[in-house]
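Structure record follows, encoded as structure tokens.
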Amino acid sequence: MIAPTIADRFHAAGITVLLYDPRSFGESDGVPREDVEPYKQMEDYSDAFTFLLSLPTVDPRCAGVWGISLSASTAACAGALDARMQFVIAISPPSSFSYSPESLRYILNTAAEDQGRRSSGKEPIYCPALGSKGECLLEGMSCEEDYGFILEYLKSCLSWTNRCTIQSFCRLLTFHPKEMLKRASPKSPLIIGGDRDMISPVEDLLEIFHVLKQPKRWHLEKGKGHFDVHQGESCVKVQTDWIRSIKWNLDQEE
């Protein structure tokens, strides 16, 4: 499991971590289950951050947010809108979401059917997050080459269910992290990517990175893709070093 593993490493480095599952996923409440709502997830980051700042072990001068993949996009956008967040660590954040014409027709037609079903009290319509060979409705999000690795990895993620509501795919059409970050930059962003990542390619990540304000840092993991970029000592070290550098700079200013 990605987040708990990195949280353990942060703890070992003396960094306080508040870890939670996004709404309607894993151990968090929320119905319908597996329902992606990026803008509400951004609000949840702020709500969780409010609780985090209430803890006596947390220094509000150097408290920030972390995310990987889609949650990296929502974390970065939350950090851009919430001035209390002093840094953002975003690992492989997708910059935009789109569909092929065929997938879009299917999504919109099925979503319309779903609206009628749900208004009459029926269960929502779900679609697999990943197909049997790693394909995805989202354009550019398929992962056929890494699917064997992903299946083995997900066996350890007991709370992960391979599905999302059809409305999740509709909402992602309205979520444009790159455009939002052009208008408002989070504080002290660290962007991490892998040179084999086909879902969040290096050129897309650099496009995001270049619009962000200083101080900021870019880190590239060699030989890593979207699903293993977090693995290895170098990726963890660059994150803990970035947080420590923010704390050190604050101490020097006093």
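The values are calculated or read from the model by the stated rules, or taken from the named source; none is laboratory data. These numbers come from a predicted model, not from an experiment. Using ideal geometry, Cβ is built from the backbone for each residue, glycine included, and neighbour counts are taken over all protein chains shown.
Identify, by number, the condition in (1) more than 29 Å from residue 252 (Cα to Cα); (2) part of a helix (DSSP H, G or I); (3) in contact with a helix residue (DSSP H, G or I) (Cβ under 8 Å, 6 or more places away or on another chain) that residue 61 doesn't meet.
(1)
I'd like the residue in region 13-44 that is out of contact with any Cys (no Cβ under 9 Å at 6 or more places or on another chain) and aromatic (Phe, Trp, Tyr) and, out of all such residues, is modelled with the highest pLDDT.
The extreme case among them is 20.
Would you confirm, using the coordinates I've provided, whether residue 10 is more than 13 Å from the chain's Cα centre (by Cα), at pLDDT 95 or above and more than 28 Å from residue 201 (Cα to Cα)?
no
Scan region 104-125 for residues that are assigned to a loop (DSSP other than H, G, I, E, B) and not hydrophobic (A, V, I, L, M, F, W, C) and jot them down.
Correct list: 120, 121, 122, 123, 124.
Checking the structure you have, find out if any residue of region 198-205 is farther than 14 Å from residue 94 by Cβ and surrounded by 13 or more Cβ atoms within 10 Å (Cβ to Cβ).
No, region 198-205 has no match at all.
I'd like the full set of residues that are surrounded by 19 or more Cβ atoms within 10 Å (Cβ to Cβ), modelled with pLDDT under 95 and either out of contact with any Gly (no Cβ under 8 Å at 6 or more places or on another chain) or part of a helix (DSSP H, G or I) (or both), limited to region 206-245.
227, 230
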